[in-house]
1. Amide H neighbours of N254 under 5 Å, counting only residues 5+ apart in sequence or on other chains, H built in-plane at 1.01 Å?
2. Give the peptides 102-113, 194-205 in descending order of average Cβ contacts within 10 Å, highest first.
3. Could you tell me how far the Cα centroid of the stretch 246-274 sits from the Cα centroid of the stretch 154-198, in Å?
4. For the stretch 63-158, place one equal point scatterer on every Cα, skip the solvent, and apply the Debye formula. What is log10 of I(q)/I(0) at q = 0.19, 0.20 Å⁻¹?
5. Per DSSP helix of 4 or more residues, -39500 (n - 2.57); summed, then divided by the residues of the chain. What does that give at 222 nm, rounded to the nearest 500?
6. Equivalent ellipsoid semi-axes for the stretch 1-127, as square roots of 5 times the alpha carbon gyration tensor eigenvalues: give them largest first, rounded to whole Å.
7. One-quarter of the Cα convex hull surface for the stretch 107-238, in nm²?
8. Considering the convex hull of the alpha carbon atoms of the stretch 164-274, report its projected area averaged over all viewing directions, in nm², one decimal.
Amino acid sequence: MVSYGMNGKTVVVTGGASGIGRATALALARDGARVAIMDLSEEDIAIVVEELRGTGAEAFGVAADVASPEAVAAAADAIFTGFGEVDGLVACAGTSAASPAEDHLVEDWNRVMGVNLLGAFLCCQVFGRPMISRRAGAIVVIGSLDGIGAHAGRIAYSTSKFAVHGMVKNLALEWGRHNIRINCVAPTIVDTPLVRRGLPDYFFDVITDRTPAGRIGHVEDIASAVLSLMSDASSYLNGVILPVDGGLTAGFFNRLGGADLQSKKLMETGVYQP
C-alpha cells in the first residue's frame, strides 16, 4: 500500500459524504489522517464518519451548505473546536444542472456557481487564513475536464470549473510565499451516483471508447491523485491543474482507446482494422 505521509495530519474534505469526496476522505483516513467532512446531509455524514472511524482514524462531520458564508464559517468553527489546527483542505463539494444554454435558468446558474465556485473559494479562505498565519498548508480543489474544454448542455457547470481553475492559480500566486500549496485535480467522467443520475448510459461507452485506459474513472483514481498533491512528495507543485483522465485529453481524435490509427494507407496495408 502506498503511503502519502498523511499520518497525524488533519484534513477537511467538503462534499465528503459521497462520491469523490467520500473516497478521498477514506483514503486520507487509511493513510493516518484525522478527517473532518462537510456535506449537506447529517444522515449521510454520520454514515461516512462511522466508515472513517472503522479505519481507526479520528473523524468528525458537520452539515453545511458551502454556498453560504455563514454556514461555512460556523462549520469551520466547529472543526477548529473539535480538531484544532487544520493542515489540509480538499474542496470537493459540487453540483450541476443540465439544459441548453438558451434555456438555462438563472436559479440553476446561481446554485451551480454558488456551490462550485463561491463554495470552493469560501472554504479556501476560511481554512487558508490560519494556514497563512502558521506558514504551512496544502489545498486541493476538485475541478473538471469541463474546465479545460466545454461540455454541451452544462454551461453553468463548465463555466464554474473554468473559473475554479483560475481561482486555484490566483491563490497559488498569492499564498505560495506563505508556504501554502493550492493545486487542482481535473477529473474525467467518474463513476459516482451524481454522474450516473445525470448522464445517459450511451455516454459512458463514448468516453470509454475515447480513453486510452479503456474505462471511465473510478473515485479511487481521483482520491489517489488528491493525496499525491497533498503529500510532501509534491512540495514544489503549486497552481497545477492536473487532468486525471486515463489519457482522454492526450489527443483530440481518440477512438477505440487509441487503437484506431485513422489512415487509409495503413488500412490498405493491413496494419490495423478500425
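Read the figures in this text as sums done on the coordinates, not as results from a lab. What you see is a predicted model; the values in this text were computed from it and never measured. So basically every Cβ, Gly included, is an ideal-geometry build from the backbone, and we count neighbours across all protein chains shown.
1. Excluding prolines and chain starts, which carry no amide H, there are no hits.
2. Highest mean packing first, the order is 102-113, 194-205.
3. Between the Cα centre of the stretch 154-198 and that of the stretch 246-274, the gap is 31 Å.
4. Once normalised to I(0) and log-transformed, intensities are -0.89, -0.95.
5. Calculated mean residue ellipticity at 222 nm is -13500 deg cm²/dmol.
6. 27, 15, 12
7. In nm², the orientation-averaged hull projection of the stretch 107-238 is 8.7.
8. For the stretch 164-274, averaging the hull's shadow over all directions gives 9.3 nm².
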